[in-house]
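Working notes, beginning with the structure itself.
The values are calculated or read from the model by the stated rules, or taken from the named source; none is laboratory data. Everything numeric in this text was worked out from a predicted model, so none of it was measured. In this analysis, Cβ positions are derived from the backbone assuming ideal geometry, glycine residues included, and neighbour counts consider all displayed protein chains. Side chains included, ligands, DNA and RNA excluded: accessible areas come from the protein's heavy atoms. Shrake-Rupley method; radii C 1.70, N 1.55, O 1.52, S 1.80 Å.
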Amino acid sequence: MTTVSRGSSVEHDTQAAVAGGGSSGGGATTATAVHPTGAERPLWLDVLGVAAIASVLVALYGAIIWAPTEAVMGHVQRIFYFHMPSAWVALGPAFTIVFICSIVYLVKKDLRYDRIAGASAELGVLFTTITLLTGPLWAKPIWGAYWTWDPRLTTTLVLWFIYVAYLMLRSSITEGHRRARLSAVFGIVGWIDVPIVFMSIRWWRTIHPTLVTGEGMNLDSSMQAVLVFALGAISLLYVYLLVVRVRQLDMGSRIDRLRQQSHLR
């Protein structure tokens, strides 16, 4: 009599569910190569990844070499070309997708929207961290201090704490509708700080520079070109990372369901 461990059973079930199964029994078993994230990795995802990395490298070249040196701030101003796009991705797509997907989950009760919200929150925290690290490096030579309790800086730091707490909440509860409901409410309420961050330089006195005014951008045309390209590059990188992370979470959810089914046998 042959004994099969539970772990082996789960592994076999996982491979069968993802790869469409294999032939087993008295004959030889046929194995199908499966990508770790689930099904075969689509070509378009690889193309997207290459495009994102290439775009970031071109933006880096533009920021360091091609863009002219700012007359007052000097070379330290080049940090701006990645500081501002990181802030845009966090405040724009990342946390807004958390907000939208949280609402959609509460309406449709589809856990996939919860996973998209969780993945986007992770990336939002990542890009907010980049924003909070690059900002002081830029501020020290200009303001004479790494940090001031400026309204824009303070509200951004509060936003970072909100979504770190959101991720801590998710990690403390097993995946399911209870976690999804609590996370959705937290994600919706937490998003309130996003427009506050955006409007802070207009509502309160601040030393934070205002990039866009009624007359347009306060930048040289070549600087504008580099900034716009960097915005697109970092946004493309965010999209790629989001797709990859959601695929990972989807696969993890499938594996968890298979494990639960194996325990019930």
### Query
If you plug each phi of the stretch 142-147 into the Karplus form 6.51 cos²θ - 1.76 cosθ + 1.60 with θ = phi - 60°, what whole-Hz ³J(HN,Hα) values come out, in order, with x for Gly and Pro?
8, 8, x, 8, 5, 9
### Query
Given a 1.4 Å probe and every protein chain left where it sits, what share in percent of the accessible area of the stretch 43-249 is carbon and sulfur?
72
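Show me the ranking of peptides 136-144, 79-87 by mean Cβ neighbours inside 10 Å, starting with the highest.
Numbers: 136-144: 14.1, 79-87: 21.8.
The most tightly packed comes first, giving 79-87, 136-144.
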#### Entry: For the stretch 43-249, alpha-carbon Rg and Dmax in angstrom
18.1, 55
### Query
Extension gain Ser221-Phe161, at 0.36 nm per residue separation less the Cα-Cα distance, in nm?
18.0 nm
### Summary
Once phi for every residue in the stretch 246-253 is put through the Karplus expression 6.51 cos²θ - 1.76 cosθ + 1.60 (θ = phi - 60°), the whole-Hz ³J(HN,Hα) values, with Gly and Pro written as x, are 5, 4, 5, 5, 4, 5, x, 5
### Message
Tell me the relative contact order for the stretch 59-151 as a rounded percent, counting alpha carbon contacts under 8 Å between residues six or more apart.
### Response
29
#### Entry: Dipole magnitude of the stretch 104-217 about its Cα centre (Cβ charges: Lys, Arg +1; Asp, Glu -1), debye to nearest 20
320
### Message
Sorting check: for 91-102, 227-238, 174-185, which peptide has the highest mean count of neighbouring beta carbons within 10 Å, and how do the rest follow?
### Response
91-102, 227-238, 174-185
## Note on the structure
Each label sits 7 Å from Cα toward the beta-carbon; between Leu45 and Trp203 the label points are separated, in nm, by 4.0
